[in-house]
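A short write-up of the structure that comes next.
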Amino acid sequence: MQTEGSKRNCNRRSDSQPLMLAVSKTKPNELIMEAYDSGIRHFGENYVEDFVKKSKELPADICWHFIGHLQGNKAKKVCQIPNLYLLESLDSLKLAKTLEKECKKIPRELNILIQVNISQEPSKSGVLPEELEKLVADIISQCPHVKIKGLMGMGRQGEKEDLHILHGLRSTVAKIMDVEESTLQLSMGTSEDYLSAIEEGSTEVRIGTTIFGKRDYKQKP
């Protein structure tokens, strides 16, 4: 499991500024270490096999975020990564139950964000906004090892209304969970629209191109 030192590093973020998540998918360890040496500790990965390999090879105090679509048959591998800080792409009760099963075996608690398809585009993953309330209630009642920490979403390029919708949904989730809205994370915004996302209350922006340059998909495992 995480060391106390790595937990402290992961939890050290300003309440007044959003967390910058360095999206390191497809990037070699050398580039990740350059970012690490500059002080970045939160990195996001999309592909399970690549993620597992990097987590073994890179420093243990990295706070890993899994931001890609997760298939149930690969949930075990992800849950076993000790310094997995946050899984940001939970989008179904079926996946939540699979994660619950694997976390119970270890045992560990797993912090997650529910991915919402705020633009309701068929090409994007995520629970639809009208299905979110039921999913939250079901996870709370059926998956005690899976801890909801907020929402993640990606709006249509240039559509600030999508970001506004996700912000509103956080308020709904807070009421269901009976917690202060400010305690829930809101992951939205990329290299292309992070300024608009911050204006809409994002607590985490996912930055890849601005840090690492354009992705090389030839390196996808």
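Of note:
- Averaged per residue, the chain has 50 square angstrom of accessible surface, using a 1.4 angstrom probe with ligands and nucleic acids left out.
- Listed pairs 25/77; 27/94; 76/149; 53/149 exceeding 24 Å between Cα atoms: 27/94; 53/149
- At least 20 Å along the helix axis (C-alpha) and Kyte average at least -0.5, DSSP helices within the chain: 160-177
- With both labels modelled 7 Å from their Cα along Cα-to-Cβ, the residue 121 to residue 94 distance reads 2.4 nm.
- With each label modelled as a point 7 angstrom along the Cα→C-beta vector, the residue 160-residue 140 pair spans 3.2 nm.
- Rh (Kirkwood; distinct C-alpha pairs) - the chain, Å: 17.5 Å
- Between residue 210 and residue 69, the simple label model (points 7 Å from Cα in the Cβ direction) yields a spacing of 2.7 nm.
- Rounded Å value of the spacing that divides the Cα centres of segment 147-199 and segment 41-94: 21 Å
- Sites residue 192 and residue 104, calculated FRET efficiency, Cβ-Cβ separation with R0 25 Å, nearest 0.05: 0.05
- Volume per residue of the convex hull around the Cα atoms, evaluated for segment 143-209, comes out as 88 Å³.
- To put it simply, the accessible area of the chain at a 1.4 Å probe is 48 percent carbon and sulfur.
The values are calculated or read from the model by the stated rules, or taken from the named source; none is laboratory data. These figures come from a predicted structure and were not determined experimentally. A quick note on method: Cβ atoms are made from the backbone with ideal geometry, for glycine too, and the neighbour counts reach across all protein chains shown. Only protein heavy atoms, including side chains, enter the accessible area calculation; ligands, DNA and RNA are left aside. Shrake-Rupley method; radii C 1.70, N 1.55, O 1.52, S 1.80 Å.
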